[in-house]
Every structure is written in structure tokens, then in C-alpha cells.
Amino acid sequence: KQEVTQIPAALSVPEGENLVLNCSFTDSAIYNLQWFRQDPGKGLTSLLLIQSSQREQTSGRLNASLDKSSGRSTLYIAASQPGDSATYLCAVGLDNNAGNMLTFGGGTRLMVKP
Amino acid sequence: ETGVTQSPTHLIKTRGQQVTLRCSSQSGHNTVSWYQQALGQGPQFIFQYYREEENGRGNFPPRFSGLQFPNYSSELNVNALELDDSALYLCASSFRGKTYEQYFGPGTRLTVT
């Protein structure tokens, strides 16, 4: 059974700092990995999708890496801003020939202080 | 391009009642998944529908059931509601193909009293 862990559970940083969020998973037989952002009480916004054959993806100030063999992914946020405050969720996708089912970590709650 | 929409936004039900939640997939998507997110936790996979058939299910009892319609909209039905069913229910759509990237709706907040 796939298990996904995110460390730290919560993080508070001053504005402008570069930061790294960590995600680990127990089964390396994944199809893809997605990073999401969730604002309080809201749905999930997809930030980055990494296919199992890829090593990293970048979008603006965000960079996500994937190391399947070690069961790890990191989300790097450059020059953090107060607007980045949210919960960040990592999810690994399993394709069992019937679809792509996501297993989520518990999230990292990020607070960026002005 | 229309995103994923869900209705209603909030819902309050009494233990033992039944509830139906609705989801409209993003245009061009043929797969819909449902997730349950308890407060302070990550979402948990309930089930997925493709071509109107369930093709994957998480660790949820049979009182959680669903439908997918020809226009790829979907329903989640929960019978015999329990207090622990109180959660945010999220719908996600994707196109079964190369990337399977999933796009989520805003969710329905269900409170069972």
C-alpha cells in the first residue's frame, strides 16, 4: 500500500526566503507525481505534474524534482511571498491500467510573513 | 475552457440521511474521480469513473456510490450518513491518456449532525 509523507507539517518563513518542501513515498512504482496548492476551505490547484520518466518540472518560481528510486520529491519555492501562504499537497499517481488514482500526503502548511 | 464545478457548496445533513453531490467535469475530460478530505488531512481516494463505469475504488464502504453520465458529469451518493462522513468532498477530472493530470473542483463541504 502506497504511503506518502510530507515534511515539515508546518513552516513559517519571512518574505523573500527560498524554501524546500519535502515529499516521500513508499512504493516507487508510480505513474506520476503532482504538487497542489490548497487555500483554506478551497479546492486544489495543480502546480506541477512530473511524469515518472522525468526528473523535474519548473513553473515560474516553483521547481519540483522527482527521484523515483529513493521515493522522494521536493518542491522548491524561490523568493517566497505572502501570497504563497497556503497548504501544499504532494500526490503520487498509480496507473493500474484503469485510470490514475492519487495518494496524497498530509500536506505542508506554509505561512510567509511580510 | 470551463473548469470543474461542484454543487452544492455547503450541505448540512442529519445522521442516517442520504446525500447526493454533483460534479461537472472540465471540457474534454472523460474521467472523474472523487476524494474525501477530512479537516487537517490530505484527500483520500473514494472511486473513479471512466466511460460511465467504476474502474477503481479506495477503502470506502458500499454506501458510497457514484454515477457518471454521458456528458461526463458525475454524482457521488452517500447513504446512511455517519458523523465521520463530515468532510470536504472533492471531484477531479482528467483525460485518460498520456499525462492523466487531474484538475480539481472547489469541493462540497458536508456537515453531518
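A short reminder: the numbers here are calculations on the coordinates, not readings from a lab. What you see is a predicted model, and the numbers here were worked out from it, not measured in a lab. Counting neighbours? That spans all protein chains shown, and the Cβs are built from the backbone with ideal geometry, glycine included.
Compute the relative contact order of chain B as a whole-number percentage, counting only Cα pairs closer than 8 Å that sit 6 or more residues apart in sequence.
The normalised contact order for chain B reaches 37 percent.
Under a crude label model (7 Å from the Cα following the beta-carbon direction), how far is B:Glu52 from A:Gln2 in nanometres?
Each label point is offset 7 Å from its Cα along the Cβ direction, giving 2.9 nm.
If you take the charge dipole of the protein assembly as shown about its Cα centre, with +1 on Lys and Arg Cβ and -1 on Asp and Glu Cβ, which of A:Asn100, A:Gly71, A:Gly41 is farthest toward its positive end?
The Cα lying farthest towards the positive end belongs to A:Gly41.
Taking the beta-carbon count within 10 Å as an exposure proxy, list A:Met101, A:Met111 from fewest neighbours to most.
Neighbour counts put them in this order, fewest first: A:Met111, A:Met101.
Per-residue mean of other chain beta-carbon atoms within 10 angstrom of the beta-carbon, peptide A:103-110? Intermediate values should be presented prior to the final figure.
Details: counts 5, 7, 2, 3, 5, 0, 1, 0.
Per residue, the number of nearby Cβ atoms from other chains is 3 on average.
Order by neighbour count: A:Val4, A:Val20, fewest other Cβ atoms within 10 Å first, most last.
Details: A:Val4 23, A:Val20 11.
In order of increasing Cβ crowding within 10 Å: A:Val20, A:Val4.
Calculate the dipole size of the protein assembly as shown relative to its Cα centre from +1 charges on Lys and Arg beta carbons and -1 charges on Asp and Glu beta carbons; express the result in debye to the nearest 20. Please list the in-between numbers first.
Working: 18 positive and 18 negative charges, 26 e Å.
The dipole magnitude comes to about 120 debye.
Please compute the average number of Cβ atoms from other chains found within 10 Å of each residue's Cβ in peptide B:39-46.
Neighbouring Cβ atoms belonging to other protein chains average 6 per residue here.
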